[in-house]
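Data first, discussion second: the structure below is written as structure tokens.
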Amino acid sequence: MSNLVIVESPSKASTIKGYLGKGYKVIASKGHVRDLPKSTFGIDIENGFAPKYINIRGKGPLINELKKEAKNATTVYLAADPDREGEAISWHLANVLGLYGNPKAKRVTFNEITKPAVKAAIKSPTDINMNLVDAQQARRILDRIVGYKVSPILWKKIKSGLSAGRVQSVATRIVVERENEIRAFKPEEFWKIAAYLKTDGGALRASFYGDKNGKKELHDKEEADTVVNAVENGVFKVGNIKKAVRVNNPAPPFITSTLHQEANRRFGFRSERTARLAQELYEGVSLGELGTRGLITYMRTDSLRVSDIAADAAKQYIEQKYGADYVPKTRRVYKLRAGAQDAHEAIRPADLSLEPSLVKPYLSPELFKLYKLIWDRFIASQMESALLDTVTIDIENAGYIFRSSGYTVKHPGFMAVYEEAKEEKDEDSQKEEDEKEARLPEVAAGDVLTLTKLDPSQHFTKPPARYNEATLIKVLEEKGIGRPSTYTPTITTIIQRGYVERDGKSLVPSPLGEMTTKLMMDYFAEVVDYGFTAEMEEKLDRVENGKTDMETVLSDFYKDFAVLLKNAEDNIDKGDYKLAAEETDIVCEKCGSRMVIKNGRFGKFAACPNYPACRNTKPIDKDGNVIVKGEGAENTGATPAPDDIKCDVCGGPMVIRRGRYGNFYACANYPECRSTKPINKDLNVPCPLCGSKILIKHGRKKSVFYSCEKYPECKFSTWDIPQEEKCPECGGLLLKKKGKDLIYCLNESCGFTKTVEKPENKA
């Protein structure tokens, strides 16, 4: 009789089979074999929140195969992943196969899928950890309660098909609040002054720092000009020179969140891609004659712990490859953040003999990139610190101080292997950073430097950056929301359900996401509260550690949640959560209004916003272009563009076509050339700031906005619609609120408003 090993994935099964050989049969469960039903609630709240599990549809043949093999097996090893989810899968398998409580069913886990680790686990099996199982069940039940109780309210009050989630709703809230911060942000002016100086030993760039009283900000041109006028004909004399040695310590080895962040910064990998590649590296990759090997340790972890064996192997590798002075005098141990779990090691190479260069021929380019990143980060984390010789030179002129800083590498340490990728910087900041890496010329206190150029420049403070997938994971981790295993699924869910959209690398809330968040904040504030969500994670950790029980956690939650639920069902007014229609640049030829996009039985179409007074509609194709009946040019709406408008790609003539958002230029050589460019229409309304023209422009997702033709030199820009008529009170610019029937004066001190007159209903 043979032994049966049940793992989660086929690739993992293949790897482990190669390690165990004869006497073992390895079968993949392909994840869970049973779960809560999709069609019903599946939780008996009155009976201790007892879940009603069913076998997952389509898993019947697999379950029958597993039952047959388990019956004939001497020992059944349940070898799902080493986390809550894996423990729950093992428990479900034991129950479905009739093995729970049977001594021939054993639980085994591997932090790394290497031959020694697998054989050691088989020799030292354990029992199923019911604390881990209950923690997973508690999370699943909590999510089911929130989803099944709140989602129907969203269907009734906002839009059918919506869903709420205990963690997904919080993640959406984070993205929405960041967008609100950006909208509310008011840029503030500031100035920089760069002095380009030279001496006999070379040239340097110094930036205005302040005066003898310390650092000073320049808020406007007048303040900058005061400094420029004072120093441009003065003497730049070297004052204080500060030299020091700066110690740079290496970053710790990767955990789930930092791996996703770094992979995004370096390679532009989305969270889902990083998770998939890391899973593949963990489960095993075919390395030709070397066989199938697991290349990294378990990839869902928030622990920075490194085993003694791995640390010793890294020390030996570093000493042989780089020398003894690259090995720190004492082994590096990294402190865990508060709330982190220590069940698994940090993410590291499983076998240091498998250098990236050795396995590169067997890996896809993406797999190689991620493996080398993990390898380099781990090796660097065990190396000596880098030493930098730094110098800061203060240069005085007319009572003002200009400062120049730079550094040179004294000892590279870990930098010989790896440095963390930096967040993208604007051109000026990057230029300053690059110049710090340049060696400064030797100068002495009292030296007089020659001014070659004085460069004052205007700047404006910038709003906080939108989250991308990596930075959202970072904030979820910082706030204690979710665990390494939930980060990627959470982000995938909020994007798939249309609450958040991708704009390049950035995450932007959709109108649906904003409206859903508003309702959740109005009626379920506790559920989407950051502190409350983090507290729930801590309670789940307590269940895992055996310090409380599942029913207590669920009962405490539901007691307050039921009150919120009843209040929402009784008091939500659907009219308060109506989604605004998406306005286009297409003008209704019947009444002159701008048409909006609506969803119909057969997809999206353009409709007049004055329905039912005006019932005009226009069909649009999958690309958002208005469909015009007929053949040839009439069908496409193409007309020749002015002769001076040429294609930027092929140099050919352009034509004017009509699309979902109005007219645009398109290359006449379509489909060979698909180049397009927008037509920025003149509104015939002067800019209130500089008197130039205001143009209609298209922003993200081709949304319409209005700005000065001299933008960004002139800062006027608005989402609302400028009107030709002047304010009757102050003569200022009038704007029509987008999607509303309100016209208001731009001058806040005026306060004039009026309601738009709608066309009469002649029906």
What tally of residues in the stretch 530-550 results from selecting those that are loosely packed, with under 15 Cβ neighbours inside 10 Å and either without any contact (Cβ under 8 Å) to a residue 12 or more places away in the chain or part of a helix (DSSP H, G or I) (or both)? 4
In the stretch 592-608, how many are part of a loop (DSSP other than H, G, I, E, B) and at pLDDT below 85? 3
Does any residue of the stretch 286-294 turn out to be at pLDDT 95 or above, basic (Lys, Arg) and surrounded by 13 or more Cβ atoms within 10 Å (Cβ to Cβ)? no
Check Ile491, Ile495 and return the single one that is in contact with a strand residue (DSSP E or B) (Cβ under 9 Å, 6 or more places away or on another chain), closer than 27 Å to Asp134 by Cβ and part of a helix (DSSP H, G or I). Ile491
Can you pull out the residues in the stretch 121-155 that are among the polar types (S, T, N, Q), in contact (Cβ under 8 Å) with a residue 24 or more places away in the chain and outside any helix (DSSP H, G or I)? Asn129
Quick one: in the stretch 488-501, of everything that is over 17 Å from Ala534 (Cα atoms) and of a type in the set (S, T, N, Q), which residue is surrounded by the most Cβ atoms within 10 Å (Cβ to Cβ)? Thr488
Right, Gly504: at positive phi, surrounded by 12 or more Cβ atoms within 10 Å (Cβ to Cβ) and assigned by TED's automatic domain parsing to the domain that holds Arg173 or not? no
Tell me which residues, restricted to the stretch 22-51, are closer than 29 Å to Ala562 by Cα and over 35 Å from the mean Cα position of the chain (by Cα). Asp44, Ile45, Glu46, Asn47, Gly48, Ala50
How do the helices (runs of 4 or more DSSP H) wholly within the stretch 249-344 filter down when requiring 2 or more residues that are among the aromatic types (Phe, Trp, Tyr): which remain? 308-322
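Can you tell which of Tyr317, Tyr298 is in contact with a helix residue (DSSP H, G or I) (Cβ under 9 Å, 6 or more places away or on another chain) and within 30 Å of Leu387 (Cα to Cα)? Lay out the reasoning, then the answer.
Details: Tyr298 fails: within 30 Å of Leu387 (Cα to Cα).
The unique qualifying residue is Tyr317.
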Please go through the stretch 681-697 and give me each residue that is at negative phi and of a type outside the set (A, V, I, L, M), ordered by number. Lys681, Asp682, Pro686, Cys687, Pro688, Cys690, Ser692, Lys693, Lys697
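If the requirement is being farther than 20 Å from Asp134 by Cβ, crowded, with 16+ Cβ neighbours inside 10 Å and at pLDDT 95 or above, which of these qualifies: Ile27, Ile43, Ile89?
Values: Ile43 fails: farther than 20 Å from Asp134 by Cβ; Ile89 fails: farther than 20 Å from Asp134 by Cβ.
Step by step, each of Ile27, Ile43, Ile89 is checked, and only Ile27 is farther than 20 Å from Asp134 by Cβ, crowded, with 16+ Cβ neighbours inside 10 Å and at pLDDT 95 or above.
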Do we have any residue at all in the stretch 369-386 that's among the charged types (D, E, K, R), at pLDDT below 95 and not in a helix (DSSP H, G or I)? no
Those residues that are in a helix (DSSP H, G or I) and modelled with pLDDT of 90 or more, I need them from the stretch 156-177; list them, please. Gln168, Ser169, Val170, Ala171, Thr172, Arg173, Ile174, Val175, Val176, Glu177
Looking only at the stretch 111-131, which residues are under 17 Å from Leu295 (Cα atoms) and either in contact with a Gly (Cβ under 8 Å, 6 or more places away or on another chain) or assigned by TED's automatic domain parsing to the domain that holds Thr297 (or both)? Glu112, Ile113, Thr114
Taking the stretch 200-226 and keeping residues among the aliphatic types (A, V, I, L, M), touching a Phe, Trp or Tyr at 6+ places or on another chain (Cβ under 6 Å) and either closer than 21 Å to Thr390 by Cβ or in contact (Cβ under 8 Å) with a residue 40 or more places away in the chain (or both) leaves Ala206, Ala224
Enumeration of residues in the stretch 76-120 that are outside any helix (DSSP H, G or I) and under 34 Å from the mean Cα position of the chain (by Cα): Ala79, Ala80, Asp81, Pro82, Asp83, Thr109, Phe110, Asn111, Glu112, Ile113, Thr114
Kindly check whether there is at least one residue in the stretch 358-367 that is more than 13 Å from Ile296 (Cβ to Cβ), touching a helix residue (DSSP H, G or I) at 6+ places or on another chain (Cβ under 7 Å) and among the polar types (S, T, N, Q). no
Hits in the stretch 322-367 - residues which are free of Cβ contacts under 8 Å to residues at least 24 places away in the same chain and buried (at least 17 other Cβ atoms within 10 Å of the Cβ): Pro356
Output the residues belonging to the stretch 17-38 that are in contact with a Ser or Thr (Cβ under 9 Å, 6 or more places away or on another chain) and hydrophobic (A, V, I, L, M, F, W, C). Val26, Ala28
Is there any pair with a first residue in the stretch 558-583 that is assigned to a helix (DSSP H, G or I) and a second that is of a type in the set (S, T, N, Q) and surrounded by 13 or more Cβ atoms within 10 Å (Cβ to Cβ) whose Cβ atoms are under 9 Å apart and which are 6 or more apart or on different chains, and what are they? Tyr577/Thr516
Options Asn684, Asn761, Asn747; residue that is part of a strand (DSSP E or B) and at pLDDT below 85: Asn684
Yes/no for Asn180 being in a helix (DSSP H, G or I) and in contact with an Asp or Glu (Cβ under 9 Å, 6 or more places away or on another chain): yes
Would you be able to say whether some residue in the stretch 465-487 is surrounded by fewer than 17 Cβ atoms within 10 Å (Cβ to Cβ) and among the hydroxyl-bearing types (Ser, Thr, Tyr)? no
Would you pick out the residues in the stretch 219-238 that are surrounded by fewer than 16 Cβ atoms within 10 Å (Cβ to Cβ) and within 28 Å of Val409 (Cα to Cα)? Lys237
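What are the residues in the stretch 183-205 that are among the aliphatic types (A, V, I, L, M) and either part of a helix (DSSP H, G or I) or modelled with pLDDT of 95 or more (or both), if any?
Within the stretch 183-205, Ala184, Ile193, Ala194, Ala195, Leu197 meet the criteria.
The values are calculated or read from the model by the stated rules, or taken from the named source; none is laboratory data. This one's a predicted model, so the numbers in the text were calculated from it and none came from an experiment. Quick reminder, even Gly has a Cβ in these numbers, built from the backbone with ideal geometry, and neighbours come from all protein chains shown.
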